[in-house]
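Down below is the structure, laid out as structure tokens.
The values are calculated or read from the model by the stated rules, or taken from the named source; none is laboratory data. This one's a predicted model, so the numbers in the text were calculated from it and none came from an experiment. Because the Cβ atoms are built from the backbone with ideal geometry, glycine has one as well, and the counts that use them run over all protein chains shown.
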Amino acid sequence: MTLYTAMPLELVLDGIQNEPEPAILATINGMTMQLAPVAPGIGRIVRLISAPLDRYLMPEYAPGQMISYHPSPEHIATVISSGLGT
């Protein structure tokens, strides 16, 4: 891979060795989203994985917004790293 950048290499690669924060996949209101757990039952939206197209434009589903979900055994089983799909 070749990387062309005017930025110093130290800035580009800063944090590459850090462990990604844990995340879960949750399906809420027919949308599958990646959440970073903040508290039990509350998560910060990292990204929408699958949703109706109009939901991508709604500010309440934008990355960084908090959303409540109900932790269940299947959510616990879907703990993933935040590097999913990158």
- Any hit, the stretch 69-85, residues being assigned to a helix (DSSP H, G or I) and at pLDDT 90 or above: no
- When you scan the stretch 15-51, how many residues do you find that are under 10 Å from the mean Cα position of the chain (by Cα) and of a type in the set (S, T, N, Q)? 1
- Task: State all residues of the stretch 25-53 that are outside any strand (DSSP E or B) and either surrounded by fewer than 13 Cβ atoms within 10 Å (Cβ to Cβ) or without any contact (Cβ under 8 Å) to a residue 12 or more places away in the chain (or both); if no residue qualifies, say none.
- Result: Asn29, Gly30, Pro40, Gly41, Pro52, Leu53
- Item | Search result, residues across the stretch 1-24 that are exposed (fewer than 12 other Cβ atoms within 10 Å of the Cβ), of a type in the set (Gly, Ala, Ser) and modelled with pLDDT of 85 or more | Ala6
